[in-house]
Each structure stands twice: as structure tokens, then as C-alpha cells.
Amino acid sequence: MKKLVVALLASELHNHLPRGVPRVARGLSEQLCCFNRLETICLTRRIPNQLESTYEYGNLCNWLKSHPLQVPLHQKILDSPEILFPNILPPFVLKKYHHMKSFFNRIQKRVVSKPQKPYISLNDIDIVLSFNPFSDFWNLPVENHSALAIGWFHDAIPIRINEGRYWRLDNYLSAISRMVLKASKIVCVSQSSENDLNNFFPNSLGKTTVIYNGHDIKRFQAPIAQTPDLNPIIKKFKIKAGTPYFVAVGKIEERKNIRNIIKAAIFLKNKSPSYNFQVLVIGDKRLKKDFSSLLSQLKGTAPIVFTGYLEDEIVATLLSLATAFLYPSLWEGFGIPMLEAMSAGTIVITSDISAMPEIAKNCAIYCDPYDPIDIANAMEQSLLMTATERKRMADQGRIHASNFTWNNSAKTLMELFDEITST
């Protein structure tokens, strides 16, 4: 029986901070390598000025082994200095660095002018997967090739939320429209995201299917069974001994709702001064100016600790010892961090809108993300839980999260392959 040739794009599989789209692409690609029915390849570089859209390629499994997720520290410094030194390197240095990096990348591409074998045309491939709607792949005349193109739709956040200077609604609408036009099938990561796609882009009707994301269970299972007082990681982030703490993840942006988390902490502390707790925010710690007044209200009461980006192992330890995981996002297409927190044995506090109730089911405490008082009430509920109640909810969350694996996602994707290749 002839194997299906399934191709993935190297540009979508690797990221120094594998979150969001790269995490989804990586999780599924690693599982697809395990199916004997497939010949999985990785398209590494497109060869320009060819009659057919042609790429250099290699074996996907070999490519994944040579590009591990855990990037050496010195490589992180060379490629992304702003990740490690956001408050040390001045903005003009970072800007100049990225201009130089872009220049040398262009020079390198010009030097490699002659195609290096092996290379392959899209007409020699059965299925191409593109996890990123903004990929240059969708600029190609995909519809003129025999390869079936499958795209991914993650969320409609740019339509629903104005994210300030990072908001690029026109670019988003153009990219999604192009993908909808050219894709043979579009995978939506939840029923909520499928509803958004069909609602805002009606031409997608009949092309969509829902395949839930998985998550990296082993990476987020609690690795260290210690009390907060004894754990060195807890001490590193200046969490006071014996003080309950909440964990939130994400950049300081509208969608992640860090502003309302801070307001909720202020309200809860003012409502019950006897409560002693802290809030740990994991992610980009470059603060906006309007956060300074909010943070000043918390000094000496419930301080906010901004850690910057952390490795998964450290995040797992912090989650496993936390009172609860705060995820009152204003909108999400899926919400992988909720599952990661559940696998770490943490109580999840999340929003009652978009995909969050669909994914977390009855294994979370829900709140109105636009109401800081409601978020504060959910935080109070988690603080007042007995040890028995906490264990029961944590165990329930672990069992529920164990259903969302990349292997299960890949099996559902294989069913989609059978469907589109048999017609």
C-alpha cells in the first residue's frame, strides 16, 4: 500500500519559546512521525522562480531530532537577546540588532542561489499542513497544485479584542481570507473557534472540522513533591514562606487580562485584610506605564511578582505548589495553559466565555473576566477550599486533562486524512 506523503513547514515547527502555534505544530508533528502509513517530510526552504512551487526537504523525524525544543543558553542569547535582557539592553540596541540579523539572513539566502537536492514539488505531495494562517505558504498558488492543503484556525481574537499597538486587524482579515480561499480543509481547535470562523468568514462553511489540541502532560506533571517552604524555586522568586500564591501566565496585553487580575487582588485584599497571598505573573515582564499606579496600590500587601519567561520544568513546579492558576482571559480559541495547570495538580480559575468552558468542563472555577470583583470572589473561593475539596478538584482536573494528548489529536487528524484522500 502506497504511503501518504505528508509535508510540514520547518518555519512553523521551531521557536525558542514554543508557545501558541509552534507548540501545536510541534506536538502534532512529533506524533505524525509514529504512523507507518505516512511518509512525513519537512519543507525547509522554498526554491524561487520555479514553474511549480518547489521546496528543499528532508525527513521530518530527522529534522525534529536535530532541532530540539530546548535551545542552548548561548543560542538564546545570540538569537533573541531581548528575551533574556529585556530591561538591560536599551531599545535602540535591540532594534539595530534585529536590522543586522535581517540583513545577514537576506545575504545568506542570496548566496545559496542554486537549489540543493533533494527538492520536491507540491505536485509530488499528497497533503501539506500549515498551522500558521499568516504563513507565506498561503501566498503561493496552492490551488494550482495537486497537494491538498490543510490549514489551522486558532482564534478570532483580533476581531474581538483591540490589542492596542499590536492590533493588526487588516493583516488578520487578509491572512484568514486567503487561507479560507485556498485550503482544502481547515482544522479548528475548538467548537468555539469553528463558530467564529464560520460566522466571520462564511466562505469557510463546509471546509471546517474540529480537532482539539493536546498538551505536554509529562512536562507539566508535578516534578518535585515538596512544600513551598522547602522548595528552592519558590524562594528564588521571593515568595514569602507559608504565603499562598496564585500563578498567571502571559504577556502584559489586553487579552490575558493581567490588569483585571491586579484589580481583583487589590479588591480581595481590601475586602479581607487578613488574607495573605501573592500573585506570580510568568511571561514578558516589560510593563506598560498605566500599570504603575495599580502596582503601587499593592506594595506591602499582595505584591505582584513578574518573573519573565521560564522553562516548562520551573513553571510546572510553581504551578504544582500554587493555590490556583489564574486564567481569566478575555478570549481564547482553546487554552492549553489550563490543561497544563490541571496536569500539574493545580486548581484552575478561568473565564466563562469563548472556549474555556468547552475545554475545562466542570473542572474549573469560572468567573466573568470583565468583572474584577467576580475574579476576586473566585480567588477567595480557592483560598477557602479545604484540603479534601482541593484534592478532589485537583484529581478531577488531572483525569480530565489526560484526555487531551497530542496522540489523540494526531489520530483524529489521521481520520481527516482518510476522509479527504478517499473522495
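The values are calculated or read from the model by the stated rules, or taken from the named source; none is laboratory data. Given the structure is predicted, the values throughout are model-derived calculations rather than measurements. Cβ: placed from backbone, ideal geometry, glycine included. Neighbour counts: every protein chain shown. Accessible surface is based on the protein model in full, side chains and every heavy atom, while ligands, DNA and RNA are left aside. Shrake-Rupley method; radii C 1.70, N 1.55, O 1.52, S 1.80 Å.
Quick notes on this structure:
- Here residue 409 does not qualify as among the small types (Gly, Ala, Ser), farther than 30 Å from residue 197 by Cβ and modelled with pLDDT of 95 or more.
- Residue selected from the range 153-173 under the condition open to solvent by 60 Å² or more (accessible area, probe 1.4 Å) and without any contact (Cβ under 8 Å) to a residue 60 or more places away in the chain, by the criterion farthest from the chain's Cα centre (by Cα): 170
- The criterion of being open to solvent by less than 30 Å² (accessible area, probe 1.4 Å), farther than 25 Å from residue 241 by Cα and more than 20 Å from the chain's Cα centre (by Cα) does not hold for residue 399.
- Which listed residue, of 130, 190, is under 18 Å from residue 32 (Cβ atoms) and in contact with a helix residue (DSSP H, G or I) (Cβ under 7 Å, 6 or more places away or on another chain): 130
- Inside the range 391-423, residues that are assigned to a helix (DSSP H, G or I), among the small types (Gly, Ala, Ser) and over 21 Å from residue 152 (Cα atoms) make up a count of 3.
- Every condition in (1) over 30 Å from residue 52 (Cα atoms); (2) of a type in the set (D, E, K, R); (3) surrounded by fewer than 21 Cβ atoms within 10 Å (Cβ to Cβ) is met by residue 136 except one, and the failing one is (1).
- For the range 322-380, filtering for residues that are aliphatic (A, V, I, L, M), farther than 13 Å from residue 401 by Cα, assigned to a loop (DSSP other than H, G, I, E, B) and open to solvent by less than 30 Å² (accessible area, probe 1.4 Å) leaves 3.
- Cβ pairs under 6 Å, 6+ apart, first in the range 248-275 and over 10 Å from residue 372 (Cα atoms), second modelled with pLDDT under 90 and among the acidic types (Asp, Glu): 251/284; 253/163; 254/163
- Screening 43, 64 for residues that are touching an Asp or Glu at 6+ places or on another chain (Cβ under 9 Å), farther than 18 Å from residue 127 by Cα and open to solvent by less than 30 Å² (accessible area, probe 1.4 Å) leaves exactly one candidate, 64.
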